1. Kindly evaluate residue 82 against the criterion of being in contact (Cβ under 8 Å) with a residue 24 or more places away in the chain, loosely packed, with under 12 Cβ neighbours inside 10 Å and either part of a helix (DSSP H, G or I) or in contact with a strand residue (DSSP E or B) (Cβ under 7 Å, 6 or more places away or on another chain) (or both).
2. How about region 52-62: which of its residues are within 13 Å of residue 22 (Cα to Cα) and free of Cβ contacts under 8 Å to residues at least 24 places away in the same chain?
3. So in region 36-79, with the set limited to residues that are surrounded by 12 or more Cβ atoms within 10 Å (Cβ to Cβ) and within 20 Å of residue 15 (Cβ to Cβ), which one is nearest to the chain's Cα centre (by Cα)?
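The values are calculated or read from the model by the stated rules, or taken from the named source; none is laboratory data. Bear in mind the structure is a predicted one, so any value in this text is a computation, not a measurement. When we count neighbours, we look across all protein chains shown, and the Cβ atoms used for this are built from the backbone with ideal geometry, even at glycine.
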């Protein structure tokens, strides 16, 4: 874990690989996080089309193997203290 201190705030980060069993799980993971604002800005029909096209790109970028797919996931931790 890498940590830095800047006054009353400390930050640390690490890269955790998550083992997933199919590319569809990556898309599902992203729908619940980074894609939320994108999907909210699209009309329902456009959101479905976007997910279909984006899902195909995810599948191409993260090929499936017999051991699954390792999705790199960066975790950031922050601690702040009141002075």
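1. no
2. Passing the criteria: 56, 60, 61.
3. 73
Each row is one residue, and each column tells you yes or no for (1) at pLDDT 80 or above; (2) surrounded by 14 or more Cβ atoms within 10 Å (Cβ to Cβ); (3) in contact with a strand residue (DSSP E or B) (Cβ under 9 Å, 6 or more places away or on another chain).
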site	(1), (2), (3)
12	yes, yes, yes
17	yes, no, yes
23	yes, yes, yes
29	yes, yes, yes
34	yes, no, no
